[in-house]
Amino acid sequence: MRPPTRCLLTSPRSPRPPPCWPANETPPLGPASGRRLAAEKIGNQPGFRDPSGTVSTYSTNGALDTGNPFFQSMGTNGRSCASCHLTSDAFGLSATSAQVRFAASGGTDRLFAAVDGANCPSAAPSDAAARSLLLNNGLIRVFLLVPASAQFTVEAVHDPYGCALVADPQGAQIVSVYPRPLPTTNLSFLSAVMFDGRETSAPLTNAGTFLANLRTDLAHQAMDATLGQAQAAAAPSDATLAQIVDFELALFTAQETDDAADILNAEGANGGPGALADQGFYPGINDPLGGNPTGAAFDPVSITIYTPWLSLPSSDNGRYKGAREAVARGEALFDTHPVAITDVTRLIAASRFELPLLGSNQDSPDPEGAS
Ligand code: HEC
């Protein structure tokens, strides 16, 4: 027998039934009161220009607290979290921003510290060529220790920069990889922390433990970032780490306006960061492999935020009609176009596909039972 469930309160406008979870478990992250905003202003932070319009962030804490330790230098190289997670870049880092900062500072901005703001740590100060990955692609060097217990060895097949594989003083292998800073926003929908999930120290697979474990993971991640990327001598206090996590978890970022379709929550649509903050989430929500803890079946047509735009009357907003209907058709295509997964022996944690309305299979059990 299925256990009794409780359900989130969702907007009466929502065409979908609200998300539900077992009554004996902690509720998933749900909408906080007062999050819904007026149609004409959907972010509560300034919007920033991006290639197709503006992107904006909504903080459930209200104003962006720039006094938060996220914005303070806590290490030895003068960097803060905001050195690489820029408010103006949706809390990530674009190559354009890196170029602007290099030009403005003659390459002396702390972002370009040789430890990881260069292709290799041997880079000379202000040498742009030695920072091509950061300047051209917004990439930071992450150096990972191959554990002594590894049941594999790593060989460099192609080493264009000269530090793909180096030895630490104890002779252990260190591998250089070059990811972009992941955005420190929309984190309440995460199924893994970091590209390779290495900061998912507490699993994010259970609705009952999700939020507590996410806080544990993010606090540990913030400690490692302070010790590593800010080169601190000592870890920040638990209280400081909690402040950073509180700051991060309050952030929701989404496209706010589109150059052709204008405001993305106009005429009944639900785009933008305010609506995203209203989106409930728990691990397994709408799981295509049947892992929804409520027992609910997978619903492929789960993204309905632009459904009201499928057919619009020609009104005062007639000039946006064509573009808005095109957005709605794109959403319908996304919801209905079958994607065949063929020639794979097992489905594993291969992606960071974290759309809250679809759920994620990142850490779901191997459906074929292989290990
Ligand atoms: C030198 C640049 C840099 C600095 C400084 C920095 N980060 Fe990051 N951050 C990155 C990069 C690069 C990644 C992705 C690394 C990976 O996945 O291997 C990342 C990933 C993250 C993630 C993971 C997000 C996700 O979706 O998994 C969080 C959270 C985060 N950083 C928070 C912080 C905090 C908090 C601080 C300050 C204490 C900080 N970062 C400082 C570059 C930086």
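The values are calculated or read from the model by the stated rules, or taken from the named source; none is laboratory data. Note that this is a predicted model, so its numbers are computed, not measured. Glycine gets a Cβ as well: all are built from the backbone with ideal geometry, and neighbour counts include every protein chain shown.
Of all residues in the range 219-269, count the ones that are part of a loop (DSSP other than H, G, I, E, B) and either within 10 Å of the ligand (Cβ to nearest atom) or touching a residue at least 40 places away in the same chain (Cβ under 8 Å) (or both).
If we filter the range 219-269 for residues that are part of a loop (DSSP other than H, G, I, E, B), which is where we start, we get 229-237, 250, 259-261, 264-269.
With the extra rule that they be either within 10 Å of the ligand (Cβ to nearest atom) or touching a residue at least 40 places away in the same chain (Cβ under 8 Å) (or both), the set shrinks to 229-233, 236, 250, 259-261, 264-269.
Of the residues in the range 219-269, 16 are part of a loop (DSSP other than H, G, I, E, B) and either within 10 Å of the ligand (Cβ to nearest atom) or touching a residue at least 40 places away in the same chain (Cβ under 8 Å) (or both).
Filter the range 219-251 for residues that are hydroxyl-bearing (S, T, Y) and surrounded by 22 or more Cβ atoms within 10 Å (Cβ to Cβ) and give the result. Before the answer, list the steps.
Residues of the range 219-251 hydroxyl-bearing (S, T, Y): 226, 237, 240.
Hit for the range 219-251 is T226, nothing else.
Failed condition for D127, given (1) more than 13 Å from the ligand (Cβ to nearest atom); (2) buried (at least 20 other Cβ atoms within 10 Å of the Cβ); (3) charged (D, E, K, R), with all others met?
The single condition D127 does not satisfy is (2).
Would you say N119 is among the polar types (S, T, N, Q), closer than 27 Å to A222 by Cβ and either crowded, with 19+ Cβ neighbours inside 10 Å or within 10 Å of the ligand (Cβ to nearest atom) (or both)?
Working: among the polar types (S, T, N, Q): yes; closer than 27 Å to A222 by Cβ: yes; either crowded, with 19+ Cβ neighbours inside 10 Å or within 10 Å of the ligand (Cβ to nearest atom) (or both): yes.
For N119, the condition - among the polar types (S, T, N, Q), closer than 27 Å to A222 by Cβ and either crowded, with 19+ Cβ neighbours inside 10 Å or within 10 Å of the ligand (Cβ to nearest atom) (or both) - is met.
Consider L289 against the criteria (1) touching a Pro at 6+ places or on another chain (Cβ under 8 Å); (2) at pLDDT 95 or above: it satisfies all of them except one. Which criterion is unmet?
That leaves (2) as the condition not met.
Select from the range 65-86 the residues that are crowded, with 19+ Cβ neighbours inside 10 Å and under 19 Å from the mean Cα position of the chain (by Cα) and write down the one among them that is farthest from the ligand (Cβ to nearest atom).
Going through the qualifying residues, I end up with L86.
Right, F102: at pLDDT 95 or above, outside any loop (DSSP other than H, G, I, E, B) and over 18 Å from A230 (Cα atoms) or not? Can you show your working first?
Values: at pLDDT 95 or above: yes; outside any loop (DSSP other than H, G, I, E, B): yes; over 18 Å from A230 (Cα atoms): yes.
Here the answer is yes, as F102 does meet what is asked.
Restricting the search to the range 134-187, which residues are at pLDDT 95 or above, among the small types (G, A, S) and in contact with a Leu (Cβ under 9 Å, 6 or more places away or on another chain)?
Selection gives G138, S176.
Return the only residue of S364, S371, S351, S315 being out of contact with any Cys (no Cβ under 7 Å at 6 or more places or on another chain), within 16 Å of the ligand (Cβ to nearest atom) and at pLDDT below 90. Steps first, answer last, please.
Numbers: S364 fails: within 16 Å of the ligand (Cβ to nearest atom); S371 fails: within 16 Å of the ligand (Cβ to nearest atom); S315 fails: within 16 Å of the ligand (Cβ to nearest atom).
The conditions single out S351.
Which of the residues that make up the range 53-99 are within 15 Å of A254 (Cα to Cα), of a type outside the set (S, T, Y) and in a loop (DSSP other than H, G, I, E, B)?
Quick first cut of the range 53-99, residues within 15 Å of A254 (Cα to Cα) only: 53-60, 86-92.
Then drop every residue that is not of a type outside the set (S, T, Y), which leaves 53, 55, 86, 89-92.
Passing the criteria: A90, F91.
Of (1) part of a loop (DSSP other than H, G, I, E, B); (2) within 29 Å of I140 (Cα to Cα); (3) more than 9 Å from the ligand (Cβ to nearest atom); (4) not polar (S, T, N, Q), L276 satisfies all except one. Which?
Going through (1) part of a loop (DSSP other than H, G, I, E, B); (2) within 29 Å of I140 (Cα to Cα); (3) more than 9 Å from the ligand (Cβ to nearest atom); (4) not polar (S, T, N, Q) one by one, L276 breaks only (1).
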